Amino acid sequence: MKKVKYLILGAGPSGLTFANMLLDKGIEDFAVIEKENRAGGLCRTEYVNGQPVDFGGGHILDTRSRKVDEFMFRFLPESEWNHFTRDSQIYFRGQLMGSPFEAHIWQLPTEEQVKYLKAIAVAGCNLGTEKPEKFIDWITWKLGTKIAEDYMLPYNRKMFSKDLNSLGTYWLAKLPDVSFEDTLMSCLEHRFYGKQPCHSNFLYPKNEGFGDTFVRMSERLGERYYGNITVNSVDFDTKTVNNEFRFEKLIVAMPWTEFKSINGMPEEIQDGINKLKHSEVQIDYYSKSLPFETTAQWIYYPSEEFSYHRIMAMENFALGSKGYWTETNGERVALKKEESDFSYLNHYAYPLNTLEKPAIMDKLLSWGRENDVYGLGRWGEWSHFNADVCMERAMDLADEMTK
Ligand SMILES: Cc1cc2nc3c(=O)[nH]c(=O)nc-3n(C[C@H](O)[C@H](O)[C@H](O)COP(=O)(O)OP(=O)(O)OC[C@H]3O[C@@H](n4cnc5c(N)ncnc54)[C@H](O)[C@@H]3O)c2cc1C
């Protein structure tokens, strides 16, 4: 039995940041367990025919936190990143238009603009009705029936799931917030109007994939890093994992649903874990160039005609690389029409923000803290956090636990 003070499960950005923070503080009594051969989690880059491919889908660095930037730059200096201004588009009715949709309807024919504007004018949020609890109802409430039917519902069904009914609205700070006035002004002035959406400026490495930085973070951990080990079981009474590692404090930075056997956790909390939902994303890499010219770094595809919901035009941000890749919800991979050079299915891609999730996670995380167990990051907290947010949370948790 290997005994450590801190046992960290999962070597994605959350687990790796937490472990490196411990080293920074001079703490060496820890271990990180990771099931894959290569570190980085959803931010992992693998090389296909010499080209970097981000296995978890499109990954770019955009953080509001200086301490996260500085941490990343220790593993890949700032001079080794290219800076980009976001250029994302939507493939709509056979043409490319700007994104977000509601800020770019001015690019559509005038009579279409009028139909969209009429529908937004009578959307619930503009009539002052109460904000709905379900995401599916919120879409129409916020953007009106026409954007809902033509773009938001088909796109979100493709991306998250056919059944949007189970999703809540407590996570929508992630989505662009374009008001009716902004849309109207953009139609009148024929230009984007209002607040820029997230990732308006971002960084991508000049000469490698996004995930290589995380590999270097794992290398710094030396013998404390255990790759190629799948965590199957946890016993909270004996404080052991896989009957191989004994911990004083456990940091869960992998999906809770991956524990095949759990001992010493109240049944009600285990039942909650069984109710957590997630979606899968398959990435398909194509080494040829896109069949059309575009400056966009990524393009959204709401139409059912395409199995995938997004294309990452890799050549436009991973400079010097070749081709593009598509992202497809696991439920839709059978609809793929064209053979790719390489495919990879991420079983865990999006933690689903179901109506019941906040209560489940509240109970789980509070019980954990009373028992020296800490959920961290996208899966440990089952939240739609981006990598930079996960890293910041890992830094804060390391500070808090080592005070
Ligand atoms: C399509 C897509 C695009 C994204 N784009 C961006 C972006 O552009 N910018 C950005 O900042 N973020 C982006 N994200 C989010 C980003 O990927 C996550 O926020 C980040 O990777 C979460 O880090 P984490 O360490 O919490 O989880 P993960 O990265 O998922 O890491 C979890 C780790 O746990 C390991 N693990 C799982 N099960 C076990 C087990 N049984 N035993 C041992 N180990 C296990 C996994 O192999 C993995 O290494 C995107 C996500 C997706 C799905």
- Message: Out of the helices (runs of 4 or more DSSP H) lying entirely within the stretch 303-403, which hold 1 or more residues that are open to solvent by less than 10 Å² (accessible area, probe 1.4 Å) and within 26 Å of Leu203 (Cβ to Cβ)?
- Response: 377-380, 387-401
- Selection count where residues are open to solvent by less than 20 Å² (accessible area, probe 1.4 Å) and over 24 Å from Glu356 (Cβ atoms), scope the stretch 125-147: 3
- Item | Any hit, the stretch 233-240, residues being closer than 24 Å to Tyr374 by Cβ, surrounded by 13 or more Cβ atoms within 10 Å (Cβ to Cβ), among the acidic types (Asp, Glu) and out of contact with any Phe, Trp or Tyr (no Cβ under 9 Å at 6 or more places or on another chain) | yes
- Could you please find all residues in the stretch 50-88 being more than 14 Å from the ligand (Cβ to nearest atom) and either free of Cβ contacts under 8 Å to residues at least 24 places away in the same chain or within 17 Å of the chain's Cα centre (by Cα) (or both)? Gly50, Arg66, Glu70, Phe73, Arg74, Pro77, Glu78, Ser79
- Task: Among the residues of the stretch 244-266, write down those that are out of contact with any strand residue (DSSP E or B) (no Cβ under 7 Å at 6 or more places or on another chain) and away from the ligand (no atom under 13 Å from the Cβ).
- Result: Met265, Pro266
- Note on the structure: Subset of the stretch 15-27, residues in contact (Cβ under 8 Å) with a residue 24 or more places away in the chain, open to solvent by 10 Å² or more (accessible area, probe 1.4 Å) and either under 14 Å from Glu219 (Cα atoms) or of a type outside the set (D, E, K, R) (or both), comes to Met21, Leu23, Ile27
- Output for the stretch 107-124, where each listed residue is closer than 23 Å to Gln196 by Cβ and open to solvent by less than 50 Å² (accessible area, probe 1.4 Å): Leu108, Gln113, Tyr116, Leu117, Ile120, Ala123
- Can you pull out the residues in the stretch 82-92 that are open to solvent by 10 Å² or more (accessible area, probe 1.4 Å) and touching a helix residue (DSSP H, G or I) at 6+ places or on another chain (Cβ under 9 Å)? Phe84, Asp87, Phe92
- Query: Which of (1) within 16 Å of the ligand (Cβ to nearest atom); (2) at negative phi; (3) assigned by TED's automatic domain parsing to the domain that holds Phe73; (4) open to solvent by 70 Å² or more (accessible area, probe 1.4 Å) does Ala173 not meet, given it meets every other one?
  - Reply: (3)
- Task: With a cut-off of at least 2 residues that are within 21 Å of His199 (Cα to Cα), modelled with pLDDT of 95 or more and not charged (D, E, K, R), name the strands (runs of 3 or more DSSP E) lying wholly within the stretch 26-103.
- Result: 81-85, 88-92, 95-98
- Query: Is there a residue being open to solvent by 40 Å² or more (accessible area, probe 1.4 Å), without any contact (Cβ under 8 Å) to a residue 24 or more places away in the chain and either out of contact with any Phe, Trp or Tyr (no Cβ under 7 Å at 6 or more places or on another chain) or basic (Lys, Arg) (or both) anywhere in the stretch 211-222?
  - Reply: yes
- Among the numbered conditions (1) assigned to a helix (DSSP H, G or I); (2) in contact (Cβ under 8 Å) with a residue 40 or more places away in the chain; (3) not assigned by TED's automatic domain parsing to the domain that holds Thr240, tell me where Glu111 comes up short. (2)
- Can we say Lys131 is part of a loop (DSSP other than H, G, I, E, B), farther than 21 Å from Pro302 by Cβ and modelled with pLDDT under 95? yes
- Single residue of Leu76, Leu143, Leu164 found to be closer than 30 Å to Gln297 by Cβ and touching a Ser or Thr at 6+ places or on another chain (Cβ under 7 Å): Leu76
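The values are calculated or read from the model by the stated rules, or taken from the named source; none is laboratory data. The structure displayed is predicted, hence computed values, not measured ones. We place every Cβ from the backbone using ideal geometry, glycine too, and count neighbours over all the protein chains shown. These accessible areas exclude ligands, DNA and RNA; they are computed on the full protein's heavy atoms, side chains included. Shrake-Rupley method; radii C 1.70, N 1.55, O 1.52, S 1.80 Å.
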